[in-house]
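Chemist: This is the structure, below, for whatever I ask next.
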Amino acid sequence: VSLTPTGADTRPAISAANGIVNSADGSPNFQPGSFITISGTHLADSATADTIPPPTVLGGSCVTFGDIAVPLLASSSGQILAQVPNTLQAGTQVVEVRSLSTAQASDPVVVTVKPGN
């Protein structure tokens, strides 16, 4: 019996280089309330938020900063557009994309959230 998986790897993966950036300027600078773009593979199914406030689960996935699920605006296999919550504390945060359909999470990515103005 082979121990090699026969199916494709569908675990979400955040890109190593510039995987999480500020949507406004492409920088790694985030503040509470910032819109962010997460790039990678197997992130989510294609979907667009159609409610206000935006949902924290979209396209079968959610994004967490620590244990806080963030609002999602749009999702696809290669990209998720989200918003850092206004209530998120400044400092180091661990970000993960969690797929509800495969019950898998991406490797954690550490980002720094700067204090708001």
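Chemist: Which one of the conditions (1) open to solvent by 90 Å² or more (accessible area, probe 1.4 Å); (2) in contact (Cβ under 8 Å) with a residue 40 or more places away in the chain does residue 18 fail to meet, given that it meets all the rest?
Modeler: Failed condition: (2).
Chemist: If you don't mind, another one. Search the range 90-108 for residues that are closer than 11 Å to residue 80 by Cβ and pair each with any residue that is charged (D, E, K, R) when their beta-carbon atoms are under 6 Å apart and the residues are at least 6 apart or on different chains.
Modeler: So the pair list comes out as 106/96.
Chemist: Of the residues that sit in the range 66-85 and are assigned to a strand (DSSP E or B) and in contact with a Phe, Trp or Tyr (Cβ under 9 Å, 6 or more places away or on another chain), which one is nearest to residue 31 (Cα to Cα)?
Modeler: Our first condition is that a residue be assigned to a strand (DSSP E or B); within the range 66-85, this holds for 68-69, 72-75, 79-83.
Applying the additional criterion that residues be in contact with a Phe, Trp or Tyr (Cβ under 9 Å, 6 or more places away or on another chain) yields 73, 81-83.
Working: 73: 17, 81: 15, 82: 13, 83: 10 Å.
Among those residues, the one meeting the criterion is 83.
Chemist: Restricting to the range 40-56, name every residue that is of a type in the set (A, V, I, L, M, F, W, C) and open to solvent by 40 Å² or more (accessible area, probe 1.4 Å).
Modeler: Narrowing the range 40-56 to residues of a type in the set (A, V, I, L, M, F, W, C): 43-44, 47, 49, 52.
52 - this is the single residue of the range 40-56 that is of a type in the set (A, V, I, L, M, F, W, C) and open to solvent by 40 Å² or more (accessible area, probe 1.4 Å).
Chemist: Something else: Please go through the range 80-114 and pick out each residue that is farther than 15 Å from residue 13 by Cβ and of a type in the set (A, V, I, L, M, F, W, C).
Modeler: Within the range 80-114, 81, 82, 84, 88, 90, 94, 100, 103, 110, 111, 113 qualify.
Chemist: When residues of the range 86-117 are filtered for being assigned to a loop (DSSP other than H, G, I, E, B), exposed (fewer than 12 other Cβ atoms within 10 Å of the Cβ) and polar (S, T, N, Q), how many remain?
Modeler: Count: 4.
Chemist: Give the number of residues within the range 57-85 that are surrounded by fewer than 17 Cβ atoms within 10 Å (Cβ to Cβ), without any contact (Cβ under 8 Å) to a residue 40 or more places away in the chain and not small (Gly, Ala, Ser).
Modeler: Number of matching residues: 2.
The values are calculated or read from the model by the stated rules, or taken from the named source; none is laboratory data. Only a predicted model underlies this, so the values are computations on that prediction, with no experimental measurement involved. Neighbour counts are summed over all protein chains in view; Cβ atoms, including those assigned to glycine, are modelled from backbone coordinates with ideal geometry. The protein model used for the area step is the full one, side chains on, heavy atoms only, and it has no ligands, DNA or RNA in it. Shrake-Rupley method; radii C 1.70, N 1.55, O 1.52, S 1.80 Å.
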